[in-house]
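The values are calculated or read from the model by the stated rules, or taken from the named source; none is laboratory data. Computed from a prediction, not measured in an experiment: that's the story for all the values here. Positions of Cβ are generated from backbone atoms using ideal geometry, with glycine treated the same way; all protein chains shown enter the neighbour counts. Just so you know, the surface numbers come from the protein's heavy atoms only, side chains and all, with ligands and any DNA or RNA stripped out. Shrake-Rupley method; radii C 1.70, N 1.55, O 1.52, S 1.80 Å.
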Amino acid sequence: MTHRKFFRMKFAALAVLLALPFAPGYAKTLNLAYDADPVSLDIHEQLSGGTLQLSHMVCDPLLRWNQELGFDARLASRWERRSPTSVRFYLRRGVKFHSGRVMTAKDVAFTFARLKKSDDFKGIFAKFREARVINDHTIDLITDGPYPLVEHSAAFIFPLDSAFYAGKDARGRDKGEIVKHGDSFASTNISCTGPFTVRSREQGVKVVFERFDGHWDADSPGNVRRIVMTPIKEDPTRVAALLSGDVDFAAPIPPADLARVDRSRKVDLITMTGTRIITFQLNQKRRPEFADPRVRRAIVHAINNAGIVKKIMKDFGTAAAQQSPKGYAGHDPSLRPRFDLKKARALMKEAGYADGFSVTMMAPNNRYVNDAKIAEAVAGMLAKIKIKVDLTTMPKAQYWPKFDERAADIMMIGWHSDTEDSANFTEFLAMTPDKETGYGQYNSGNYSNAEVDSLVLASASETNPETRAEMLRRVERILHEDAAFVPLHWQDHAWGARKGVHIGRVVSVTNSPYLGDLVMD
Amino acid sequence: MNAAPHLHSNVLRSLLRDRTAAVSAAVLCALLLAALGAPLFAPFDPWDQTQFDIMDAEIPPLGGGADARFVLGTDGMGRDMLSAMLYGAGISIVIGVFATLLQAAIGVVVGLAAGYFGGRLDSFLMRIADIQLSFTTLMVAIVILAVFQASVGLRFYEEYALVAIVLVIGIAEWPQYARTVRACALAEKKKEYVDAARVIGLPPFTILRRHILPNTFSPLLVISTVQVANAIITEASLAFLGLGMPVTKPSLGSLIRNGFEFIFSGAWWITAFPALLLVALILSINLLGDWLRDLLNPRLYRR
């Protein structure tokens, strides 16, 4: 290319760029920055936030979570429970894959079978026996026993194009194969039904998505034609890119920068009550004092968790008195935070520990938002009821092995339920630890209550939502009364977007914005 | 014996005549008094967790129009900044003074021995000093404290952090003293009065202690002022890197570090006030040190 020609081209490109914004029907492009781009285009390779974000862009689930923690119909236009062990899904008609094929129940069955094969996803579908195709637009999901969380699981079924993944590719690989961290046909090719197709992808550099014109959801208000996703790993760099206008949308926003993003006049900060509960567990095996419910209650009464939310979390959280956030089946609105120093002291006295005692405490310092500061504040609050706390904070890489050893009397843990369901919290955090079944795997407090155990186990096969919700609420009340653990707060989610990018309407607690419905001014 | 009063009046007159020195001395005295008398003056005890409340966190200083109890505002945990700074300054000064005393103790012994006996002992000790000097203090301190912290665990570390920091800074900086004292000893040992002492059969230890050591005092005094300031700064740097005093018993450096993350969120006072106090402390010590050097240097003796 000669010099002059090069210049002419450059000039032409510049002219086009300048003209673009004024061209009629200007195609809206969304520049977005996440901390990482998806590791693979195979949506069944890794169960992670990145994969789910990709799934919601390129694919559509049978149904998806809405902002009220209910379900919106997507590829399934409606569904009904036919028996305790089966739920029938009626599929939307005329849904097209990116390949042009029309989706049928066979594709859903193929996807279901593939999920059962995926190391990461099969846990979610462990209780499912099969997906039985009734006709082209009807499919039954059959569970082994009565199972209440069929919808919760169906939110993870993003039907893939079964014909696209059939047979072998040019290199003789089975197209449908799932290879973890490896090279497979599915990890670089995808055909789904979602609002966007992958136009180009450079791993770790950028991914360009283009709107799929054949998308079934013609009613979607979304007007984004193109998405350029750039991974920016460093928090300050990502925030700087957002504030300077280099990107229209960035997530996650680190807590240290929340205030700065909030103050900016060019950028909107969108927060949403999260569903991750932060707690402290009081180890009854290490400390006989903690086996006394009065001491545990005294500790809960001594901790001003609303103060922690206000002062340390700067209101980017909600003070908790139970595990289940609002919207969950087991959430009991009558349970309120119980900070009351006088009562705490009285309880300590009643238990015979008016002079207090010394305990050890451990917390991570880079896992949860402000984790080390929260631990420090809690240690200070316990000093007021004469419990002297020796606090150690450490990076999460060192913390989890320590947690598994149950290395301190009081340990911090946060928990988010994959299925957005209450029972999941108790199964892992409050049921009697049992190596064989895996229940109580993260119950470092060794709290054990036969009634809680049996209620949670029974809830796993209770298919009447009202009865089940009452069982789970009862669990929360028992845990509250027993002060089984110290509830602190639910952490908020935070996203940042340029003004005019109405991201607030498409985010949800699952942390995967539904970008297909995004409206940009 | 009769030289003492004469020297005193001389020093005082010189101090009063030099306005910078006089102001520095006044500032330093005030700071020392406030810091060491912190338990008497401070409105709160910042080491007692029962005395602060999370609900008082990040209250701006007076004039920001907040709370009369907290003249200089509060930090992120609701600690009174004024009290924390007074106690913190006390810790910083204690670290500075004791680390310097340790440096002096090691340095003077090594320096005197090297200078007086000379020969192989001298080469050996001075090469060690050279090696020690080739590692910067901060690097040595970071390595030792990090290893110490990792091996004994944070809990033990928090209890003995003060001792550990004094030891590390003291050990890392002794060559400064050793070299100065050695140079003095080399110069002094050739003088007639030392020969005379030797001739009358005094043992080397007595000669070093009674005759040579007192003659090294004036340079020692000057180094000491610089070294106290240096030790305080080193501790502040270590604290900033997370290896200084723990947050439960913060020094000035830990307070500055503590407040650093609040700067962007607008709570400037948590880091600014301790930083100002640190600057005032270091500056007054250094200015006094300058004045002392001028006073004790015969070549600059102006009157």
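A compact table of results
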| read-out | value |
| --- | --- |
| Cross-link pairs beyond the 19 Å C-alpha cut-off, checked among A:K349/B:K249; A:K180/A:K435; A:K349/A:K386; A:K310/A:K386; A:K285/A:K402; A:K233/A:K499 | A:K349/B:K249; A:K180/A:K435; A:K310/A:K386; A:K233/A:K499 |
| Total accessible area lost when B and A pair, probe 1.4 Å, Å² to nearest 100 | 1700 |
| DSSP beta bridge pairing in the protein assembly as shown, given as percent antiparallel to the nearest 5 | 75 |
| Loop chymotrypsin sites (Phe, Trp or Tyr not before Pro), the range A:298-347, which have at most 10 other Cβ atoms in a 10 Å radius of their Cβ (DSSP) | none |
| Accessible-area composition of chain A, carbon plus sulfur, in percent [1.4 Å probe] | 52 |
| Average partner coverage of A:257-266, which counts Cβ from other chains inside 10 Å | 1 |
| Mean ellipticity per residue at 222 nm, deg cm²/dmol - from DSSP H runs of n ≥ 4 across chain A, formula -39500 (n - 2.57) | -8000 deg cm²/dmol |
| Order by protection proxy (mean Cβ within 10 Å, highest first), peptides B:69-78, A:208-217 | B:69-78, A:208-217 |
| Estimated [θ] at 222 nm from DSSP helical runs (n ≥ 4, -39500 (n - 2.57)) normalised by residues in chain B, nearest 500 | -23500 deg cm²/dmol |
| Sequence of A:H416, A:H489 when ordered by accessible area, the most exposed leading, probe 1.4 angstrom | A:H416, A:H489 |
| Heavy-atom accessible area, 1.4 Å probe, ligands and nucleic acids excluded: residues of the range B:30-49 down by at least 50 Å² from chain alone | B:Q49 |
| Mean separation of Cα contacts under 8 Å, 6 or more apart, over the residue count of chain A: relative contact order % | 19 |
| Largest-first principal axis extents, alpha carbons of the protein assembly as shown, Å | 119, 89, 57 |
| Solvent-accessible surface ranking, highest first, for A:S334, A:S459, A:S358 at 1.4 angstrom | A:S334, A:S358, A:S459 |
| The protein assembly as shown, accessible area per residue, ligands and nucleic acids excluded (1.4 Å, Å²) | 45 |
| Compactness index (Cα Rg / 2.2 N^0.38 Å), the range B:6-112 | 1.48 |
| Relative contact order (percent, whole number), the range B:16-79, Cα cutoff 8 Å, 6+ residue spacing | 24 |
| Delta accessible area of at least 40 Å² on complex formation, residues of the range A:284-327, 1.4 Å probe, chain isolated as reference | A:K311, A:K314 |
| Length added when fully stretched, B:F240-B:T20, from 0.36 nm per residue minus Cα-Cα | 76.2 nm |
| Exercise: per-residue mean of other protein chain Cβ atoms within 10 Å, A:368-381 | 3 |
| Nearest-10 value in Å² for the accessible area of A:T271, using the 1.4 Å probe | 60 |
| Computed accessible area, A:K266, all protein chains, 1.4 angstrom probe, square angstrom | 130 |
| Kirkwood hydrodynamic radius (C-alpha pairs) into Stokes-Einstein, the range A:275-492, 4 °C and 1.567 mPa s, D in µm²/s | 75 |
| Stretch gain in nm, segment A:S334-A:R93, where the contour uses 0.36 nm per residue and the Cα spacing is subtracted | 82.4 nm |
| Residue-level accessible surface for B:W47, protein heavy atoms, 1.4 Å, Å² | 90 |
| Enclosed volume per residue, in Å³, of the convex hull spanned by Cα atoms of the range A:376-521 | 182 |
| Taking all pairs of distinct alpha-carbon atoms in the range A:60-180, Kirkwood radius in angstrom | 14.9 |
| Residues of the range B:135-179 buried by at least 30 Å² on assembly (accessible area, 1.4 Å probe, chain alone as reference) | B:L154, B:R155 |
| Sulfur and carbon atoms: percent of accessible area, the range B:62-212 [1.4 Å] | 69 |
| Shielding by other protein chains, B:53-61, mean Cβ within 10 Å | 5 |
| Low-density loop positions, GluC sites (Glu not before Pro), the range A:414-511 - DSSP coil, at most 13 other Cβ in 10 Å | A:E436 |
| Sparsely packed chymotrypsin sites (Phe, Trp or Tyr not before Pro) within the range B:123-156, loop by DSSP, other Cβ within 10 Å at most 15 | B:F135 |
